[in-house]
1. Any idea which of 97, 84, 133 is furthest toward the positive side of the dipole for region 3-244, if Lys and Arg beta-carbons carry +1 and Asp and Glu beta-carbons -1?
2. For residue 13, what residues show an amide H to amide H distance below 5 Å, using hydrogens built from the backbone and excluding near sequence neighbours?
3. Give me 1, 161 sorted ascending by neighbouring Cβ count inside 10 Å, so fewest comes first.
4. Non-local amide H neighbours of residue 110 (under 5 Å, H modeled in plane, Pro and chain starts lacking H): which ones?
5. Assign unit charges at the C-beta atoms only (+1 for Lys and Arg, -1 for Asp and Glu), then state the dipole size of the chain relative to its Cα centre in Debye, rounded to the nearest 20.
6. Taking amide hydrogens as modeled 1.01 Å from N in the peptide plane, which residues meet the under 5 Å criterion relative to residue 150, leaving out close sequence neighbours?
7. Just from the alpha-carbon atoms, what are the Rg and Dmax of the chain in angstroms?
8. When the Karplus curve 6.51 cos²θ - 1.76 cosθ + 1.60 is applied with θ = phi - 60°, which whole-Hz ³J(HN,Hα) does each residue of region 108-118 get, with x for Gly and Pro?
Amino acid sequence: MRADLHAHTTYSDGSPLPEMCRAAEAAGLDAVGFTDHCIVVDDEFGRRERYDLVETYERRREAIERFRPRTDLTVYDAAEVSYVADAEAETADLLAAAEFDYTIGSVHFAGEYDYTTASGYADASEAERRAAVERYFDAVVAAVDSELFDVLGHLDLPERMAPLRGHARRSDYERVAAALADSETVPEINAGRVHDSLGRAHPDPAMLDAFLDRDVRFVLGTDSHSPREIERRVPALREVVEAHDVPLTEFEPKTVVQ
Ligand SMILES: [Zn+2]
Ligand SMILES: [Zn+2]
């Protein structure tokens, strides 16, 4: 693993950029991509203002540019953009204006569903949980089909939450794999819960054959928010790649200025 394409700084819910870079260097990486949360439209869960990279990306760009001479790492100026189906035009406008080195498209919420907290599902019936998960994969397929993003983030996020875990079906992974096979978008193996609630990477390694069948290849992201997470998750991702023989692709961000 040479590059971690998914890490957060204080421009969203992560840690100071120099500390994240030092951890990436110590983990033996050649490159790290800062993918702070970017939410283009107001969402009913109120996260637009908390993660306002739309307003702050230029400041963060200056901070990245100031830091680049101080490291041998390739540091990417990137973003994790929440995909919202009815905001594709606004998203395209922002991405055209911002010219990030690359973007991760992630489904964090869809319609009335929030996939970042389990609290809303504790009292849900089995059918309601399945409906929430199915809606998630609908949105993932739409995000891939939109061709807005370079990378598809944590493609089975509901697995992180106990009430929704186990409600994804092989057919869900297969339709995501089919969409990816027809798309320029590349999925990531995400280590965001590799030591925590889930105890494994996304997508479920048991489903990898659905992607292999269609010759889909992956990039790697630790989804780290602290230096300690980079330190622990880089070796964990290396193990996942080795244990499951994950097919990787060399990812070339579009507009790297070093
Ligand atoms: Zn995410
Ligand atoms: Zn993330």
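A short reminder: the numbers here are calculations on the coordinates, not readings from a lab. Because the structure is predicted, anything quoted here is derived from the model rather than measured. Neighbour counts are summed over all protein chains in view; Cβ atoms, including those assigned to glycine, are modelled from backbone coordinates with ideal geometry.
1. 133
2. Answer set, sorted by chain and number: 37.
3. Final ranking by Cβ density, sparse to dense: 1, 161.
4. 115
5. Its charge dipole is roughly 860 debye.
6. For residue 150, the qualifying residues are 103, 105.
7. According to the Cα coordinates of the chain, Rg and Dmax are 17.1, 54 Å.
8. 10, 7, 8, x, 8, 8, 10, 9, 10, 8, 7
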